[in-house]
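Report on the structure given below.
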Amino acid sequence: FQDFLTRYVNYRLKVMEAHATGLAEDQALQDEITEYRLQLSRPYLIEQEVMEPLLQLLYDRRNEMVSASHILIRVGPSASDADTLAAYNKLAAIRDSIVAGADFGMMAERHSEDPSAKMADQPIGYRGYLGYFSGGRMVAEFEDAAYATAAGSMSPIIRTMFGYHVLMVHDRKPMQGAIELNHLLIRVAGPTPADSAAAKERLATAEAALAGGMSFADAARQYSDDQSSAARGGNVGFIDFDANMPEALRQAIFSLSEPGQISAPAETQFGFHLVQFVNQRPLPTFEEARDELKSRLEQLPRAKAAQEDYLAMLRDQGR
């Protein structure tokens with residue numbers, strides 16, 4: 001107690017001396033104290049006031065999937081006012097045409113400056129279609145617009161680092177838990193009809209073996225061209241719904257619901273796929289997902305931007 005009392009008395013004497021000598025009004029000293037206070041409080045404040053709300057928002061969005069298409073008119077962050085206005089007006093005219101009845105996909109294919117919008121052989125990207133995605137997959141402004149737009153509706157024009165966008169939200173639904181699956185792939189050896197016919201014949205042979213009682217694991221070892229999983233009986237572990245994969249394969253995987261169930265063949269650019277449902281795990285709770293969410297969030301530019309904005313606000317308030 002005596003030590004604490006001595007320290008407190010000395011502290012009060014120093015404060016009185018600072019006021020008496022005018023140091024308390026010295027702007028340079030005040031600025032230094034403000035910065036010191038910021039340094040001391042910064043980690044706690046950032047964690048509680050910035051990171052925690054962003055973690056909760058990311059978790060909420062990771063539990064809901066959005067299916068959307070977009071149209072992009074490119075304009076860089078440092079573009080002139082004239083170029084920026086021209087890009088905005090161009091997209092505004094496109095949006096007006098869609099409101100008047102033009103087909104969104106057709107307008108995306110015709111006008112979008114996202115190159116994939118014109119690639120008919122790419123299901124994701126063509127005519128602006130982006131498939132399903134959840135929180136943390138898109139840049140912040142794009143994601144905010146997607147989650148703020150009702151299914152069946154078109155967003156206002158938004159701007160990201162890439163330029164101006166307008167979104168059409170097709171669907172919103174709860175995220176499904178990741179599925180553990182076994183996988184069997186039959187590759188098509190070349191571009192000719194004979195190559196495709198040979199692959200289909202091998203696929204039919206594999207399906208007949210499964211129908212005759214061969215286990216999926218043995219069929220994968222014998223027939224699968226996916227060398228990375230064939231030796232494990234085709235097991236590829238758990239797959240999230242919004243993982244990067246061909247849409248046909250996603251639909252095949254998430255059409256399954258019972259252990260042992262095998263999908264109909266799915267054809268992608270990689271060949272023909274058969275998948276078998278092994279297990280499905282429930283979505284994690286917030287606390288269970290916290291470490292993974294935090295690791296993911298720290299890699300997103302939105303976290304750094306939010307921290308910088310918050311610290312600027314603290315400086316303006318003199319805290």
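Laboratory data are not the source of any read-out in this text; all were calculated from the coordinates shown. Please read these numbers as outputs of a predicted model, since none were measured by experiment. Positions of Cβ are generated from backbone atoms using ideal geometry, with glycine treated the same way; all protein chains shown enter the neighbour counts.
Rounded to the nearest 0.05, the FRET efficiency derived from the C-beta distance between Q269 and S80 at R0 = 51 Å is 0.80. Calculated mean residue ellipticity, 222 nm, the chain: -15500 deg cm²/dmol, from DSSP H runs (n ≥ 4) at -39500 (n - 2.57) each, averaged per residue and rounded to 500.
For K294, a cut-off of 29 angstrom between C-alpha atoms picks up these lysines, skipping any fewer than 8 places away in its own chain: K173, K304. Give me the net charge of K200's neighbourhood, meaning all other residues with Cβ under 15 Å from the Cβ of K200; Lys, Arg count +1, Asp, Glu -1. After counting each charged neighbour, the total is -3.
Toward the positive end of the charge dipole of the chain, with +1 on the Cβ of Lys and Arg and -1 on the Cβ of Asp and Glu, the farthest Cα among L91, S228, M214 is that of M214.
For the options D81, D60, D291, a Gaussian network treatment of the chain with springs between C-alpha atoms closer than 10 Å singles out D81 as fluctuating the most.
Simple spin-label estimate for A204 and S116 gives 3.5 nm between the two label positions (7 Å along the Cα-to-Cβ direction from each Cα). Charge dipole (Cα centre; +1 on Lys/Arg Cβ, -1 on Asp/Glu Cβ; no other charges) of segment 240-319 amounts to roughly 260 debye.
With a ≥ b ≥ c taken as the square roots of the eigenvalues of the C-alpha gyration tensor of segment 104-155, please select rounded if a/c is under 1.5 and otherwise prolate if a/b is larger than b/c or oblate if it is not? Cα axes put segment 104-155 in the prolate bin. The charge dipole of the chain, taken about its Cα centre with unit charges on the Cβ atoms of Lys, Arg (+1), Asp and Glu (-1) only, comes to about 300 debye. Using the Karplus relation 6.51 cos²θ - 1.76 cosθ + 1.60 with θ = phi - 60°, the per-residue 3J(HN,Hα) values for segment 206-222 come to 5, 5, 5, 5, 5, 5, x, x, 5, 5, 4, 4, 5, 5, 5, 4, 8 Hz, with x marking Gly and Pro. For the chain, the percent of C-alpha pairs falling in each 20 Å distance bin, counted from 0 to the bin holding the largest distance, reads 23, 41, 24, 10, 2. One decimal place: the segment E52-A248 gains 66.9 nm when fully extended, by the rule 0.36 nm per residue minus the C-alpha distance. Spacing of the modelled spin labels on E141 and E298, each 7 Å from Cα toward Cβ, amounts to 2.8 nm. Close amide-amide hydrogen proximity is noted between D225 and L185, I186, R187, each under 5 Å apart and 5 or more residues distant or on a separate chain (H modeled in the peptide plane; Pro and chain starts excluded). Working note: Karplus 6.51/-1.76/1.60 with θ = phi - 60° gives segment 137-145 the couplings 9, 10, 4, 4, 5, 5, 4, 4, 5 Hz, where Gly and Pro are set to x.
About its Cα centre, segment 56-198 has a charge dipole of approximately 80 debye under the convention of +1 per Lys or Arg Cβ and -1 per Asp or Glu Cβ, with nothing else charged. 3J(HN,Hα) couplings calculated from phi for segment 85-102 with the Karplus curve 6.51 cos²θ - 1.76 cosθ + 1.60 (θ = phi - 60°) are, in sequence order, 5, 4, 5, 4, 4, 5, 5, 4, 5, 5, 4, 4, 5, 5, 4, 7, x, 5 Hz; Gly and Pro show x. In a fully extended conformation the segment linking Y44 and E17 would gain 6.6 nm over its present Cα-Cα distance, using 0.36 nm per residue. Once the Cβ-Cβ distance of Q261 and S196 is raised to the sixth power relative to R0 = 25 Å, the FRET efficiency obtained is 0.40. Here's how it looks for M119: its modeled amide H is under 5 Å from those of R127, which are all 5 or more places away or on a different chain. Remark: relative contact order (the chain) = 19 percent; criterion is Cα-Cα distance under 8 angstrom and separation of 6 or more residues.
Each Lys or Arg adds one and each Asp or Glu takes one away; over the other residues whose Cβ falls under 14 Å from the Cβ of L55, this sums to -3. Given R0 = 51 Å, the distance between the Cβ atoms of S228 and Y88 translates into a calculated FRET efficiency of 0.65.
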